[in-house]
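Here the structure is laid out as structure tokens; the discussion comes afterwards.
The values are calculated or read from the model by the stated rules, or taken from the named source; none is laboratory data. Source: prediction; values computed, not measured. Ideal geometry is used to build each Cβ from the backbone, glycine not excepted, and the neighbour counts take in all protein chains shown.
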Amino acid sequence: MICIKCHTIDPIPELEITGEHSKIHIHRQCLKKCIYELISKKEEYKEILKRIITYEEEVKDDKYTSQLTQGKFSVSWNWRDIGVFAPKLNKLVSEKVIIVLFSSRSETRYALTDRDTTKEVLDEIESECETVEEERTEE
Ligand SMILES: [Zn+2]
């Protein structure tokens, strides 16, 4: 199995994620890198990711998704749930930050590749911002 980000072979990938149309093997560190790169390219993705995290945490358990993913994912959403249009979501999919869990002619349902890792990155970015501000006020 090969990590889709760093392309090194790893006998035990840290994250194995299976959607309807895709199977992802990625190191947690590599996923973090993907999220950092995405946000550094476009700041607005930080807000979008926050919105997604909030939605996923509010819904928590939807039986439909957990049944279809054998419990791997507890929640999925479509673009209307988040209020973000498909081109931006496609960008997140191509950067491996979210995954397409199911799609039919009428809708596509997504989920964060790994919510904990995404939260970790956002927390790190926030705390970096705070340190910068603190340093400024000290001057
Ligand atoms: Zn990797």
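Identify, by number, the condition in (1) surrounded by 15 or more Cβ atoms within 10 Å (Cβ to Cβ); (2) of a type outside the set (S, T, N, Q); (3) modelled with pLDDT of 95 or more that residue 50 doesn't meet.
So the condition that residue 50 fails would be (1).
For the stretch 101-126, name all the residues that are closer than 15 Å to residue 34 by Cβ and part of a helix (DSSP H, G or I).
Listed by number, the residues that qualify are 115, 116, 117, 118, 119, 120, 121, 122, 124, 125.
A quick yes/no check of all residues on (1) modelled with pLDDT of 90 or more; (2) closer than 17 Å to residue 51 by Cα; (3) of a type in the set (D, E, K, R):
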residue: 85; (1), (2), (3): yes, yes, no
residue: 92; (1), (2), (3): yes, yes, no
residue: 98; (1), (2), (3): yes, yes, no
residue: 101; (1), (2), (3): no, no, no
residue: 104; (1), (2), (3): no, no, no
residue: 111; (1), (2), (3): yes, yes, no
residue: 120; (1), (2), (3): yes, yes, yes
residue: 135; (1), (2), (3): no, no, yes
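Got a sec? Which helices (runs of 4 or more DSSP H) wholly within the stretch 1-73 have at least 2 residues that are aliphatic (A, V, I, L, M), under 14 Å from residue 113 (Cα atoms) and within 16 Å of the ligand (Cβ to nearest atom)?
Qualifying helices (runs of 4 or more DSSP H): 28-41.
Tell me whether the stretch 90-100 contains one or more residues that are in a helix (DSSP H, G or I) and among the aliphatic types (A, V, I, L, M).
Scanning the stretch 90-100 turns up at least one residue that is in a helix (DSSP H, G or I) and among the aliphatic types (A, V, I, L, M).
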